[in-house]
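**Q** Pasting in a structure now, in structure tokens, and then I'll have a few things to ask.
The values are calculated or read from the model by the stated rules, or taken from the named source; none is laboratory data. The model shown is predicted, which means the values in this text are computed figures rather than measured ones. Cβ placement follows ideal geometry from the backbone for every residue including glycine, while neighbour counts extend to all protein chains displayed.
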Amino acid sequence: MPFSPLRLLLAVAAFVFLVTFVQIGVLTIAFDKLGLSPHSAYLLFLTTLVGSMINVPLFSVKAEGPPPDVQLPRAFRDLLRIRRPPFTGRTIIAVNVGGCVTPLAFSIYLLAHHPLSLFQAAAATAVVAGVSYAFSRPVPGVGIGIPLFVPPVIAALVAVALSPEQSAPLAYIGGSLGVLVGADLLRLKDIRRMGTPIASIGGAGTFDGIFITGIVAVLLA
């Protein structure tokens, strides 16, 4: 039987192993370009992973309800209902530890340990923030959506133009903080119209655009 359960299980296991191996290899290359030791890279990744499950509430705002029958697949809406509390007319503004606090702290670390000026970091962040704001869109009932690979490409190009010798750390700083400012902070005014029960600055942490942008930008720089 070519599609027996055992063969299917082995195929799935092999696929998961391959994806995990590739991802770990990619992360290793990215962290190596940032000058991190394997131990430090593991600690950063673990902090991001654990922190992605922690949202620290800051305040709540009165918000409009989502449009009736938001244009999302039923299965996706059911999944969101499981993961999120029901909408009650207010949106809780929170900070995600893995997707906001960790990239911010690591960006400060990179700025302090590499010969980069505040002007270079601010310029790279401003350019990526502008692009992130222009390409991001509010998704009713969900949050802010943004094309995955636009910010890291811009971050890498800006970093190479501003500091070819230190393009990797500058790409991470500009990419991470740029998405944080452009797609999260500057979009807070749109929160009231999205009908989402919680809006987390930094989103889902590990798999949020901020983390992915930083890693991909480093690889491209």
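**Q** Find all pairs meeting these conditions: Cβ atoms under 7 angstrom apart; at least six residues apart or on different chains; first residue within region 21-35 and hydroxyl-bearing (Ser, Thr, Tyr) and surrounded by fewer than 14 Cβ atoms within 10 Å (Cβ to Cβ); second residue at pLDDT below 75 and not in a helix (DSSP H, G or I).
**A** Qualifying pairs under 7 Å: none.
**Q** Anything in region 27-51 that is of a type in the set (Gly, Ala, Ser) and modelled with pLDDT of 80 or more? List them, or say none.
**A** Taking region 27-51 as the starting set, the residues that turn out to be of a type in the set (Gly, Ala, Ser) are 30, 35, 37, 40-41, 51.
If the condition is that a residue be of a type in the set (Gly, Ala, Ser) and modelled with pLDDT of 80 or more, then Gly35, Ser37, Ser40, Gly51 are the ones that fit.
**Q** Restricting attention to region 175-190, and to residues there that are surrounded by fewer than 20 Cβ atoms within 10 Å (Cβ to Cβ) and touching a residue at least 24 places away in the same chain (Cβ under 8 Å), which single residue is farthest from Arg137 (Cα to Cα)? Step through it out loud before you land on a result.
**A** Step one: of region 175-190, the residues surrounded by fewer than 20 Cβ atoms within 10 Å (Cβ to Cβ) are 181, 185-186, 188-190.
Then keep just the ones that are touching a residue at least 24 places away in the same chain (Cβ under 8 Å); that gives 181, 186, 188, 190.
Values: Val181: 14, Leu186: 11, Leu188: 12, Asp190: 9 Å.
Among those residues, the one meeting the criterion is Val181.
**Q** What's the total number of residues in region 133-164 that are assigned to a helix (DSSP H, G or I), within 17 Å of Leu111 (Cα to Cα) and in contact (Cβ under 8 Å) with a residue 12 or more places away in the chain?
**A** Kept after step one, since they are assigned to a helix (DSSP H, G or I), are these residues of region 133-164: 133-135, 150-162, 164.
Subsequent filtering for residues that are within 17 Å of Leu111 (Cα to Cα) retains 155-156, 158-160, 162, 164.
Add one more test, that the residue is in contact (Cβ under 8 Å) with a residue 12 or more places away in the chain, and what stays is 155-156, 158-160, 162.
Of the residues in that region, 6 qualify.
**Q** Take region 39-62 and flag every residue that is small (Gly, Ala, Ser) and in a strand (DSSP E or B).
**A** First, the residues of region 39-62 that are small (Gly, Ala, Ser): 40-41, 51-52, 60.
Within region 39-62, just Ser60 meets the criteria.
Listed here are the residues, each with its yes/no results for (1) farther than 26 Å from Val50 by Cβ; (2) modelled with pLDDT under 90.
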residue: Val131; (1), (2): yes, no
residue: Arg137; (1), (2): yes, yes
residue: Gly143; (1), (2): no, yes
residue: Phe211; (1), (2): no, yes
residue: Val216; (1), (2): no, yes
residue: Ala221; (1), (2): yes, yes
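**Q** Pairs please, first residue from region 90-112 and over 17 Å from Ile173 (Cβ atoms) and of a type in the set (A, V, I, L, M), second anywhere and part of a helix (DSSP H, G or I) and modelled with pLDDT of 90 or more, Cβ atoms under 9 Å, 6+ apart in sequence or on different chains.
**A** Val95/Val101
**Q** Looking at this structure, is Pro115 in a strand (DSSP E or B), touching a residue at least 40 places away in the same chain (Cβ under 8 Å) and over 15 Å from the mean Cα position of the chain (by Cα)? Steps first, answer last, please.
**A** Values: in a strand (DSSP E or B): no; touching a residue at least 40 places away in the same chain (Cβ under 8 Å): yes; over 15 Å from the mean Cα position of the chain (by Cα): yes.
Spelling it out, it is not the case that Pro115 is in a strand (DSSP E or B), touching a residue at least 40 places away in the same chain (Cβ under 8 Å) and over 15 Å from the mean Cα position of the chain (by Cα).
**Q** Also: Looking only at residues in region 47-60 that are more than 15 Å from the chain's Cα centre (by Cα) and not aromatic (Phe, Trp, Tyr), which one is nearest to Ile212 (Cα to Cα)? Give the derivation first.
**A** Taking region 47-60 as the starting set, the residues that turn out to be more than 15 Å from the chain's Cα centre (by Cα) are 56-60.
Subsequent filtering for residues that are not aromatic (Phe, Trp, Tyr) retains 56-58, 60.
Values: Val56: 21, Pro57: 23, Leu58: 25, Ser60: 28 Å.
Residue satisfying both the conditions and the ranking: Val56.
**Q** Between residues in region 47-63 that are more than 16 Å from Leu104 (Cα to Cα) and residues that are assigned to a helix (DSSP H, G or I) and aliphatic (A, V, I, L, M), which pairs lie under 7 Å by C-beta distance while being six or more apart or on different chains?
**A** What qualifies is Val61/Ile191; Ala63/Ile191.
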